[in-house]
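To start, the structure under review is shown below, and the notes come after it.
Rule-based calculations on the coordinates, nothing more; no lab input. Predicted model, so just to flag it, every value in this text is computed and none were measured. Here the Cβ positions follow ideal geometry from the backbone for every residue, glycine too, while neighbour counts run over all protein chains shown.
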Amino acid sequence: MKSALVLEDVKEVREGLKTRLAQAFNDIQVQTACSLESAYNLIQQQTFDLALIDLSLPDGKGVDLIAHLSQSQPQTQCIVVTLYDDDQHLFSALHAGACGYLLKDMPSAQFIAQLQALERGEPPLSPAIARRMIRHFNQQSAQPQNDLTPREEEVLRLIAKGYTLNQVAGLLELSPHTVSGYIKTLYRKLDIRTRAEATLEAARLGLVQP
């Protein structure tokens, strides 16, 4: 992680997130924004590896920036940092393209560890959020339906475990292009958009342990 954007309207929280990023990643360059407008101005000037985004801003919703970044800068990993732990905020953010969801009241060491998990391909999720997601998917169906092929299940299992596209290709002796096609098909069949959602779908289908 070389560059990050922090979108947070409360100055003390904004500075705290900047400090946590510096502790999580050596030499990371951090830009901060206190409003959606200022965040949009920044992303027009440069790209970011990571964005920590609050959901409630004075001039709009952070989820709109997540959706915009997922289309305009798909390489940017968007992590929600919020006080909201309800299903509506959680799943709308994930569907918009967030690849993680952290609560502001997490202990600092735990928060930093979750950020560092990004470099291992693991979606950063507060424990309470991970439990909520698992309960949600478990409640949807006691007998989950699965129309995935055996090969698609293999790909889903591996990306849920944190393997990169190239690592999956090597393990399955496929080309990265072919694996990319499988992932696109998986996301379409499961109606998901992010690795975090893929991980939870794999757990719901019994392909990995929660």
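Output the pairs from 18/104; 11/104; 104/184; 11/61; 61/184 with a Cα-Cα distance over 25 Å in this structure; if there are none, say none. If you can, show how the numbers build up before the last one.
Details: 18/104 13 Å; 11/104 14 Å; 104/184 32 Å; 11/61 18 Å; 61/184 28 Å.
With Cα atoms farther than 25 Å apart: 104/184; 61/184.
Roughly what % of DSSP beta bridges within the stretch 8-116 run antiparallel, to the nearest 5?
Numbers: 2 of 10 bridges.
Approximately 20 percent, going by the DSSP bridge assignments.
Quick check: pseudo-label points 7 Å beyond the Cα along Cα→Cβ at residue 167 and residue 10, how many nm apart are they?
Using points 7 Å along Cα→Cβ, the separation is 3.5 nm.
If one computes the Cα centroid of the stretch 51-99 and of the stretch 155-178, what distance in Å separates the two points?
Going from one Cα centre to the other spans 26 Å.
Between residue 177 and residue 105, what length in nm is gained on full extension when 0.36 nm per residue of separation is reduced by their alpha carbon distance? Present the calculation step by step, with values, prior to reporting the outcome.
Working: separation 72, 0.36 × 72 = 25.92 nm, distance 4.06 nm.
Extra length from residue 177 to residue 105 when fully extended: 21.9 nm.
Once you order the gyration tensor axes a ≥ b ≥ c over the Cα atoms, which shape class does the chain get: rounded for a/c under 1.5, otherwise prolate or oblate by comparing a/b with b/c? Please report the intermediate quantities before stating the final value.
Details: a/c = 1.84, a/b = 1.54, b/c = 1.20.
Prolate, because a/c is 1.5 or more and a/b exceeds b/c.
Which whole-Hz ³J(HN,Hα) couplings does the stretch 41-55 yield from phi under the Karplus relation 6.51 cos²θ - 1.76 cosθ + 1.60, θ = phi - 60°, glycine and proline marked x?
Residue by residue, the stretch 41-55 yields 4, 5, 6, 6, 8, 7, 9, 10, 6, 9, 9, 9, 10, 6, 8 Hz.
Give me 101, 163 sorted ascending by neighbouring Cβ count inside 10 Å, so fewest comes first. List each step's numbers first, then the result.
Numbers: 101 29, 163 19.
Ordered by Cβ neighbours within 10 Å, fewest first: 163, 101.
Amide H to amide H under 5 Å from residue 101: which residues, 5+ apart in sequence or cross-chain, H placed 1.01 Å off N in plane?
Amide H neighbours of residue 101, under 5 Å, 5+ apart: 80, 125, 126.
Is it possible to state the helix-based mean residue ellipticity at 222 nm for the chain, with each DSSP H run of 4+ residues giving -39500 (n - 2.57), the sum divided by total residues, to the nearest 500 deg cm²/dmol? What is it? If you can, show how the numbers build up before the last one.
Working: 10 runs with 112 residues, N = 210.
Roughly -16000 deg cm²/dmol at 222 nm, from the helical runs in the chain.
Taking other Cβ within 10 Å of each residue's Cβ, how do 147, 87 sort, fewest first? Provide the component values of the computation, followed by the final result.
Details: 147 7, 87 12.
The order, fewest Cβ neighbours first, is 147, 87.
Using a ≥ b ≥ c from the Cα gyration tensor of the stretch 3-128 (square roots of the eigenvalues), is it rounded, prolate or oblate, where a/c under 1.5 gives rounded and otherwise the larger of a/b and b/c decides, a/b for prolate?
rounded
Full extension from residue 86 to residue 35: what is 0.36 nm times the residue separation minus their Cα-Cα distance, to one decimal in nm? Write down the numbers at each step before the final one.
Values: separation 51, 0.36 × 51 = 18.36 nm, distance 2.28 nm.
Contour length minus the Cα-Cα distance gives 16.1 nm.
How far apart, in nanometres, would the label points at residue 128 and residue 23 be if each is projected 7 angstrom from Cα along the Cα-to-Cβ direction?
It is 1.9 nm.
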